[in-house]
Amino acid sequence: MKEVGSQVTIAMDGPAGSGKSTVARRIAEKLGLLYLDSGAMYRAVTLLALQEGLAADSPKLIDRVKTCHIEFMDNGRTILLDTKDVSVQIRTPAVNRLVADVAKIPEIRREIVKHQQRIGAEGSIIAEGRDLTTIVFPNADFKFYLDASVTERAKRRLAELQAQNEKATLVAVEAEIRERDKKDTTREHSPLRAADDAATVDTTDKTIEEVVDLIIAHVYPNER
Ligand code: DC
């Protein structure tokens, strides 16, 4: 349990489409916390690789990660890469296809994790991704693992893509999600897994608001 107003770190992990980004953003707004979208940082590095023609495992990319500047604005809504707004570009299919290969490189992860821990030290935060509960904030006050069925996650992703006027089918999106799950959970460094002390929340049949309320009730049980 946590006193309202005291510093808090909430870490949340889960696979693509589990709802963690939307849920974390909503909780950040409701509780006045900083929101950290860790996947956006791996996406920004992936964009850097594409823009500069560098392979995911090239030493040059590792050097660039050390010198590039990644910054969030508007509480996570905008991401700047070397002062340029890349919020839209990091969500393109080209980045989607390459990001897991970039995120598996240990030297890249090390730099990104350091950066995330610096952001976390600034104050109360809700951070989400694949290794926030296990590696980035192992001593977080609260840990959650969000999950949902593959079909439900594919439906959510398809709706997002359609909203961006991207053409896709449920079968193709489901296959892409299975592939990404496999890469995220079986990679050698920081694979996606539920931390032993994380509470698992199955979001398959829940609305965003239901998940948000459930988590807030867990953090501040006396505030209802
Ligand atoms: O959550 P997302 O779809 O934006 O994440 C993009 C990719 O980044 C995903 O394939 C896994 C990787 N990632 C990671 O390895 N560690 C994190 N903490 C967050 C994301």
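Read-outs throughout are calculated quantities, based only on the coordinates presented, and are distinct from any laboratory measurement. For clarity, every value in this text was computed on a predicted model and none was experimentally measured. Because the Cβ atoms are built from the backbone with ideal geometry, glycine has one as well, and the counts that use them run over all protein chains shown.
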Task: Residue selected from region 13-44 under the condition of a type in the set (A, V, I, L, M, F, W, C) and over 21 Å from I70 (Cα atoms), by the criterion surrounded by the fewest Cβ atoms within 10 Å (Cβ to Cβ) - done: L31
Task: Failed criterion for K167 (all others in (1) without any contact (Cβ under 8 Å) to a residue 24 or more places away in the chain; (2) under 17 Å from A199 (Cβ atoms) hold) - done: (2)
Task: For V201: the one exception among (1) surrounded by fewer than 20 Cβ atoms within 10 Å (Cβ to Cβ); (2) within 20 Å of D37 (Cβ to Cβ); (3) touching a Leu at 6+ places or on another chain (Cβ under 8 Å) - done: (1)
Open item on the list: Show me the helices (runs of 4 or more DSSP H) entirely contained within region 77-183 in which 3 or more residues are of a type in the set (D, E, K, R), away from the ligand (no atom under 11 Å from the Cβ) and surrounded by fewer than 16 Cβ atoms within 10 Å (Cβ to Cβ).
Closed with: 106-120
